[in-house]
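Just so you know, all these numbers are worked out from the coordinates, no wet-lab data involved. Because the structure is predicted, anything quoted here is derived from the model rather than measured. Every residue, glycine as well, gets a Cβ built from its backbone with ideal geometry; the counts of neighbours run over all protein chains shown.
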Amino acid sequence: MLIPYSLLMLAALLLILAGAELFTNSLEHLGQRFRLSEGLVGSVFAAVATALPETVVPIIAVFFGGHDATAGESVGVGAILGSPLMLVTLALALVALFSGGTRGWNVPLKPEFSGMVRDLGYFVVAYGIALLSLFVPRTGGVPVVIGLCLVFLYGYYVFNTVQASARLVRHGHGTQADRALHLKRLGMPHDLGLELIQLLVGLVFIIGGAKLFVAGVEDIAALTGMSALVLALVVVPVATEMPEKLNSILWVRRGKDTLAFGNLTGAMVFQGTLLPAFGLQLSSWHPDRDVLFTMAITLAMAVWTLFLTLRRRLTPASLLLNGAAYLLFLLIVLLPFR
């Protein structure tokens with residue numbers, strides 16, 4: 001019975017992989033054309049574009065989730081919290097695995113320093129606010145005010161990132177495309193229109209593949225009897241975060257560390273501000289055991305990664321701890337006797 005779902009997931013993976021290759025290739029050419037820094041391209045444009053699948057999931061779960069509104073909200077909260085957890089633990093560990101074997105496990109990775117610190121700093125502040133919001137009174141419009149503060153924080157983050165872009169380009173951190181545009185191989189003239197077409201095709205492949213993968217894993221999870229919250233915390237992010245992970249793996253394998261890390265940390269800022277701002281308005285946003293543990297381990301790993309960056313010790317070996325934290329998370333939330 002599981003074979004059709006497994007084949008569906010395999011087809012979705014191949015579609016996401018093809019989309020990620022088209023997307024990263026076109027984004028590099030667009031960044032080079034408009035003289036944008038790698039930090040801006042990775043942290044804002046790539047991060048927001050590939051964060052679309054996991055952004056849509058909680059909204060659909062809450063407003064179009066069927067007859068059980070409570071289950072829909074649980075899926076929404078789980079998707080909101082599970083996504084940044086996946087990025088700061090499993091995604092960074094995969095980047096470490098794909099770089100450590102070729103460069104050396106103790107050789108520091110080299111994303112652009114100021115951008116990395118900026119992304120992680122904004123995320124730690126925003127996610128700390130989101131964690132504290134679990135304990136504030138839900139009366140008098142308090143959740144709305146906190147949500148608006150998180151939205152403003154993301155807007156200010158984008159403003160700072162755009163401001164820093166021109167300076168970084170002058171200092172040699174401009175985006176450079178080291179390969180020809182893929183669609184050019186079809187004999188089509190290489191211009192801005194072709195770059196935008198390839199970008200759109202890649203994005204459609206990524207989102208379509210992610211939706212197929214979500215459908216497959218949800219069907220498999222339903223057969224196992226997982227709860228709505230655990231399903232959203234564990235299964236949904238695995239599918240919806242694949243675009244970021246695959247894009248970053250492709251970039252880090254080619255030595256583009258700033259794009260690789262910016263793609264992940266920029267998505268973390270997006271998901272640590274705008275999505276909790278939405279989650280705050282839901283009745284399921286309360287200090288449940290799984291919610292608290294998920295947010296605590298996410299914040300701890302973000303602080304750990306920021307510490308490594310500030311100490312210039314961002315090595316593949318050190319980031320394996322992030323992967324171990326994800327395994328601990330799985331062990332705790334999936335324990336059969338809880």
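The long axis of helix 289-310 is offset from the longest Cα principal axis of the chain by roughly 30 degrees. Among the lysines of the chain, pairs at least eight places apart or on separate chains and with Cα atoms under 21 Å apart come to 4. Counting other Cβ atoms within 10 Å as a rough exposure proxy, the listed residues K245, K211, K184 run K184, K211, K245 from fewest neighbours to most. Given R₀ = 35 Å, what would the calculated FRET efficiency be for A300 paired with L223, taking r from the Cβ atoms and rounding to 0.05? With R0 = 35 Å, the Cβ-Cβ based efficiency is 0.60.
Panel order for M86, M116, by other beta carbons found within 10 Å of each beta carbon, from fewest to most: M116, M86.
For every helix of n ≥ 4 consecutive DSSP H residues, a contribution of -39,500 (n - 2.57) applies; sum these over the chain, divide by its total residues, and give [θ] at 222 nm rounded to the nearest 500 deg cm²/dmol.
-24000 deg cm²/dmol
The angle separating the long axis of helix 113-132 from the principal Cα axis of greatest extent in the chain is about 10 degrees.
Arranged from fewest to most other beta-carbon atoms within 10 Å of their beta carbon, S283, S43 become S283, S43.
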